[in-house]
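S.K.: Quick one: the structure is below, and I'll ask about it shortly.
The values are calculated or read from the model by the stated rules, or taken from the named source; none is laboratory data. Worth saying up front: this structure is predicted, and the values here are computed from it rather than measured. Don't worry about glycine lacking a Cβ; one is built from the backbone with ideal geometry, like all the others, and counts go over all protein chains shown. To get the accessible areas, we keep the full protein, side chains included, count just its heavy atoms, and leave off ligands, DNA and RNA. Shrake-Rupley method; radii C 1.70, N 1.55, O 1.52, S 1.80 Å.
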Amino acid sequence: MMGILMDGLFNSITLILLSVGMVLVIGMLRIVNFAHGALYMVGSYVVWLVVGQRLIPLDNVYLGYSIGFILAVACVAGMGAVIERLLRPLKGGFLESFILTLGLILFLEGAMLVGFGIDEKTVPSLFAKTVTAIGFSLPQQRLFVLVVGIAIGGGLWVFLTKARIGIAMRAVAQELEGAALQGINIRYVGMLGMAIGCGLAAAAGALIAPVYTVNPYIGTGPVTKCFIVMVLGGIGSLPGAVLASFLVGFVEAISATFLGSGTAKLIVYFLLLVVMLIRPMGLYGGQEWVHR
Amino acid sequence: MRPKSTIVFAVMVAFYVLAFASLASSQEKILKFGSAMPLSGAASSWGINFDRFIRKGCEDVNEAGGIQVGSVRYKWQVITYDHGYVPGRALDVVTRLIEGDKVDFISVYGGGVQSTLLELLGKHKMLNFAGGINMNVGSKAPLNFSSWPQANYAFWPASQVLAHLGIKTGVFVMADDEYGHAHVAGRVEQSKAVGINSVGEDFYPRGTTEFYPLLRRLLAKNPDFFDVGTGGIRDNGLLIKQAREIGFKGPMLAYAVSPMKLEEIVGKELLENTYMLSPPFPGAPMKGKVKAILDWFVSKYGAKEYDAGGVGGHAVIEFLTKGIKDAQSIDPFKVADAMGKISKEKQMETSYGMSYIGNAGFDLPRVITFWLNVYQYKDGTWHELGGGWPSYEWKK
Amino acid sequence: MERFGYKEISFSAVVAFFLIFPVIAAKEPYLLHILIIVAVYTTLVWGLDLLLDCALISCSQIAFWGMGSYTFALLTLKCGWNPWLALIGAGVVPTIMSALLSYSSVNLKTMYWCLFSLVFAVAFHEMLFVWRTFLGGAEGIRGIPKLPLVTSRTEWYYLAFFLLFLIGAVIHQLRGSRIGLILRGVRINEELARSAGISIIRCRLVCLVLANFFAGIMGGFFAAYTGALSPFNLELDAMFFLYVYLIVGGKGSLAGCLAGTALFIFIRELLGPLGIYMPVIYGTIVIIFVTLIPGGLVSLPQRFLSHFERVKAPT
């Protein structure tokens, strides 16, 4: 039983990293970045290049991985800035931005496929041992993901609630003009927020890379789950994203164990549908998403 | 010289001249082979490799002089299109191959796209030497052949090994589609024949990477062994890795995937006590045509891209070529008949090793049949345990 | 040259071309097949374009198309309906489904509605895989009956283009009518339109009904034409591609959507064995078009001409 709960927690942490990143990006850009999953995938590829392909020849796996992690976050954050630049002139519409991100997904997936080949890539695990504790066993690698994920989450919370820039970021996400009137440099904060948001996607990708395998399509599954979390929690709402991530993560783990993963997914969708019918703006969504 | 011998001499010269002239004037024609593969999308590694082996097969035949049918010498030409594992696109692509490029024979790779094509193939009386087809579906078109043995047959050598190990109970896992269900049914039946009972069977949607819930459910029944199914390198690898992480200690059976990649995905420690059912792979002991083909592949593309299913592309061309030669015709029905006669008694050495076209019962008709080997991962390397026709040999 | 004349002439030319194409392509029936596919996807893109008129970005057009095709298959195979009636049924079922979903979602703002439709599309796609007994799972449904009276490839082609022109005519009429004026107002400036008292919700419902009905009908057509269905036809990528066709062709323009769809399907055919490069090529084209040529292909002639005019005008 404990094992199932740990599964749920593991699912939730990765979802939280992804969805919080997406919420930040939405807050800054006012549009949904569909290429968020592709950025997650690129994060995994960078780690693979550094650690798996030994692009930077290092003997110490831990050092290699740390460098890979930082490099992944940096690269993807940089890509995020580029994307923001591409999207800025498109004030015209949500549609253009949406399609640009779709184009990005195609381009990134295609580039990885053509550039690095058709076979599944692997990032070797940092820890091969398994931890056995109160009635469950969890591989150390997954525990590592949990610990680091929670640490990042905690750091982010502190940043957003205590640091000046963090608070400024939340202000920009809430009300663009009001924030500008308060003297906040929107351009700068916007870019920073975008970088952090995309960096989170890369961090999730880098953390998960050793757990499964790496290929150009690993982004689509997580990003779809991310959308479910968004819709459930309310777009643009951070607490909504966190709560919904836990909900989805645990519901899926529990129903998958007893009913099979195909049915588990359907249950999650059904849950979403029910919530949508009763409260279409999501659990924490504000009324601004509904027409009067 | 006596007059008689002059005449004989003249006749002989005339004969040689005429024979030479007729040989020189024999036509050379192109035999078009259509290859409809998933070259993009999640199944691309299978499609790309299968196509590579098809082309190599055609090159080999052409270099050896082509196929002589009567006075015509045929050389193969391959035309490849991508269907990305989308049945609608497969329909487009196969329509183009048959109607646009007017191919003589075709190979479509991908179990999920075959049913959309049955009508089209039947209408044009096209001989389709399919890769990865479930013959329950495939046999509905009269000229469908399969490049890979079907469930029961393929599993037989493994069942012998398991019986030898004293296994009594097992759980079976496969991808959740018609092919997967048929496959598991075949394996369960085959296991029962050697005294192994199935205590659990489960299926997962293709694309799943998180198997913990499924594994917790299945392995709670404490089976003696765990069959991870035929889902491909990622499925096999992740299932084995995660099963070990959860704490399963018994033997596991993988299927026809690259052993080097498996080692990479699972990790040397966790891979211990895993068995694999596969034709010879790069690094394993092998000889003859199998060795020649795999050496070529490794030198051109590298061992990392190897996939056992792809090798079938070469075998397909080998069988087709032999069928055309034997039938002395390119009429698909005659060729199909001729191929059907390459039976167990008249096996042929191909890129798979000794193989033949099945006929009935255990050896399904129109299916390339060969014995897979069983390998065991122990102390950090793969050991060959046995396999091969005519009888299973246990090497210890 | 009068603008009016130019458009009418080119439209008639296009119609004439499509009408006599089977004669031109008599030796290559394969080309007819490609154009039929272009017709099917163009109607889906038109549906998307129509929904854009009321500020709806739909990710579930493909799902409703799939729903239409599965409905047709089930109605003819399991319930023994007449295929023509089943075709109508294939249009009706997705419309009803979408109406049910709209109950709570129709007044959501654009971005939110978009995500919601995406989630629905994914859920529907999953359901097709999981529900093996009824819907055939990964292998799908085969042996779907054809439409009686339509026997040869040429006849399928004419039916496809008949449907295409019918749907195109309906949308064109709609856009030209009073409702069309309202839609154009919404398209230009949603906030302003609302403040002028226009009910976005009513517009949306009209457009949703039409777009989904057409998608369903074409789904039924596709099912009858190909004879077998599979959930792999509804992969998310397919939905992405529709938007690619839309933006490159030119949104807001029926001709643009047709051009965009035709262009990409031809590119795909030309690529042939180089399928592995398809995503990169598509992605690059999209990024270039979205950033540099926002009007799409249909805006190119204008741009080209206006460039000349600028050069000619004296300063």
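S.K.: Do you know which residues across the range C:126-146 are buried (at least 21 other Cβ atoms within 10 Å of the Cβ) and closer than 19 Å to A:I267 by Cβ?
M.R.: Selection gives C:L128, C:F129, C:G137.
S.K.: Then there is this: Can you pull out every residue in the range A:67-100 that is buried (at least 22 other Cβ atoms within 10 Å of the Cβ), out of contact with any Leu (no Cβ under 7 Å at 6 or more places or on another chain) and within 10 Å of chain C (Cβ to nearest Cβ)?
M.R.: Once the filter is applied, which keeps residues that are buried (at least 22 other Cβ atoms within 10 Å of the Cβ), out of contact with any Leu (no Cβ under 7 Å at 6 or more places or on another chain) and within 10 Å of chain C (Cβ to nearest Cβ), the range A:67-100 yields A:F98, A:I99.
S.K.: In addition: If I ask for residues that are of a type outside the set (A, V, I, L, M) and free of Cβ contacts under 8 Å to residues at least 60 places away in the same chain, which ones from the range B:24-54 would you list? I'd like the intermediate steps shown before the answer.
M.R.: Within the range B:24-54, the first condition is being of a type outside the set (A, V, I, L, M), and the residues that meet it are B:25-29, B:32-35, B:38, B:40-41, B:44-47, B:49-53.
Scanning the range B:24-54 gives B:S25, B:S26, B:Q27, B:E28, B:K29, B:S40, B:G41, B:S44.
S.K.: Can you confirm whether the range A:179-186 contains a residue that is assigned to a strand (DSSP E or B), open to solvent by 20 Å² or more (accessible area, probe 1.4 Å) and either in contact with a helix residue (DSSP H, G or I) (Cβ under 9 Å, 6 or more places away or on another chain) or under 19 Å from A:M28 (Cβ atoms) (or both)? Give the steps one after another, and end with the answer.
M.R.: Here is the first cut: in the range A:179-186, the residues assigned to a strand (DSSP E or B) are none.
No, that holds for no residue.
S.K.: Another one. Criterion first (in a helix (DSSP H, G or I), open to solvent by 30 Å² or more (accessible area, probe 1.4 Å) and outside the structural domain of C:L135 (by TED's automatic domain parsing)) does C:P279 satisfy it?
M.R.: Judged against the criteria, C:P279 is not a match.
S.K.: Let me ask you something else. Could you figure out which of (1) within 14 Å of chain B (Cβ to nearest Cβ); (2) open to solvent by less than 10 Å² (accessible area, probe 1.4 Å); (3) free of Cβ contacts under 8 Å to residues at least 60 places away in the same chain isn't true of C:L242?
M.R.: With (1) within 14 Å of chain B (Cβ to nearest Cβ); (2) open to solvent by less than 10 Å² (accessible area, probe 1.4 Å); (3) free of Cβ contacts under 8 Å to residues at least 60 places away in the same chain applied to C:L242, the lone miss is (3).
S.K.: Going residue by residue through the range C:115-122, is there one that turns out to be open to solvent by 10 Å² or more (accessible area, probe 1.4 Å), among the β-branched types (V, I, T), farther than 15 Å from A:L273 by Cβ and assigned to a helix (DSSP H, G or I)?
M.R.: Among the residues of the range C:115-122, not one is open to solvent by 10 Å² or more (accessible area, probe 1.4 Å), among the β-branched types (V, I, T), farther than 15 Å from A:L273 by Cβ and assigned to a helix (DSSP H, G or I), which makes the answer no.
S.K.: Among the numbered conditions (1) at the interface with another protein chain (Cβ under 8 Å from one of its Cβ atoms); (2) open to solvent by 10 Å² or more (accessible area, probe 1.4 Å); (3) within 19 Å of B:A175 (Cβ to Cβ), tell me where B:N136 comes up short.
M.R.: The one condition B:N136 does not meet is (1).
S.K.: Away from chain B (no Cβ under 14 Å) and of a type in the set (G, A, S), is that true of C:S177?
M.R.: Numbers: away from chain B (no Cβ under 14 Å): yes; of a type in the set (G, A, S): yes.
Yes.
S.K.: Further question on the same structure: Only one of these is within 16 Å of the chain's Cα centre (by Cα), assigned to a helix (DSSP H, G or I), at pLDDT 85 or above and within 14 Å of chain B (Cβ to nearest Cβ): A:G155, A:G197, A:G221, A:G193. Name it. Break it down into steps so the answer makes sense when it comes.
M.R.: Working: A:G155 fails: within 14 Å of chain B (Cβ to nearest Cβ); A:G197 fails: within 14 Å of chain B (Cβ to nearest Cβ); A:G193 fails: within 14 Å of chain B (Cβ to nearest Cβ).
On inspection, the qualifying residue turns out to be A:G221.
S.K.: Could you tell me which numbered condition B:L121 fails, if it satisfies all but one of (1) closer than 23 Å to B:G84 by Cα; (2) open to solvent by 10 Å² or more (accessible area, probe 1.4 Å)?
M.R.: The number of the failed condition is (2).
S.K.: Ok, one more. Would you call A:V242 in a helix (DSSP H, G or I), closer than 29 Å to C:C114 by Cα and open to solvent by 30 Å² or more (accessible area, probe 1.4 Å)? Steps first, answer last, please.
M.R.: On the way: in a helix (DSSP H, G or I): yes; closer than 29 Å to C:C114 by Cα: yes; open to solvent by 30 Å² or more (accessible area, probe 1.4 Å): yes.
Considered against the rule, which asks whether it is in a helix (DSSP H, G or I), closer than 29 Å to C:C114 by Cα and open to solvent by 30 Å² or more (accessible area, probe 1.4 Å), A:V242 comes out as yes.
S.K.: Out of the residues in the range B:376-396 that are modelled with pLDDT under 85 and among the aromatic types (F, W, Y), which is most open to solvent (accessible area, probe 1.4 Å)?
M.R.: B:W389
S.K.: Quick one: what pairs do we get from the range B:211-238, first residue open to solvent by less than 10 Å² (accessible area, probe 1.4 Å), second basic (K, R), C-beta under 8 Å, 6+ apart or different chains?
M.R.: That search, which allows pairs on different chains as well, returns B:D227/B:R187; B:G231/B:R206; B:G237/B:K261.
S.K.: Just the residues that are more than 11 Å from chain C (Cβ to nearest Cβ) and in a helix (DSSP H, G or I), please, taken from the range A:224-239. Break it down stepwise before answering.
M.R.: From the range A:224-239, those more than 11 Å from chain C (Cβ to nearest Cβ) are A:233, A:237-239; that's our starting set.
Matches in the range A:224-239: A:G233, A:L238, A:P239.
Residue by residue, here is whether (1) touching a His at 6+ places or on another chain (Cβ under 7 Å); (2) among the charged types (D, E, K, R); (3) farther than 16 Å from C:H33 by Cα; (4) in the same structural domain as C:L108 (by TED's automatic domain parsing) holds:
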site	(1), (2), (3), (4)
C:M218	no, no, no, yes
C:K251	no, yes, yes, no
C:L254	yes, no, yes, no
C:F266	no, no, no, no
C:L271	no, no, yes, no
C:G275	no, no, yes, no
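S.K.: Scan the range C:248-276 residue by residue and report those that are buried (at least 23 other Cβ atoms within 10 Å of the Cβ), within 14 Å of chain B (Cβ to nearest Cβ) and of a type in the set (V, I, T).
M.R.: C:T261, the sole residue that qualifies.
S.K.: Only one of these conditions is not met by C:T95: (1) closer than 27 Å to C:S253 by Cα; (2) surrounded by fewer than 23 Cβ atoms within 10 Å (Cβ to Cβ); (3) within 14 Å of chain A (Cβ to nearest Cβ); (4) touching a Leu at 6+ places or on another chain (Cβ under 9 Å). Which number is it?
M.R.: Only one criterion in (1) closer than 27 Å to C:S253 by Cα; (2) surrounded by fewer than 23 Cβ atoms within 10 Å (Cβ to Cβ); (3) within 14 Å of chain A (Cβ to nearest Cβ); (4) touching a Leu at 6+ places or on another chain (Cβ under 9 Å) is unmet by C:T95, namely (3).
S.K.: Which condition number in (1) closer than 22 Å to B:V335 by Cβ; (2) touching a Gly at 6+ places or on another chain (Cβ under 8 Å); (3) open to solvent by 10 Å² or more (accessible area, probe 1.4 Å) is the one that B:Q114 fails?
M.R.: For B:Q114, the failing item is (3).
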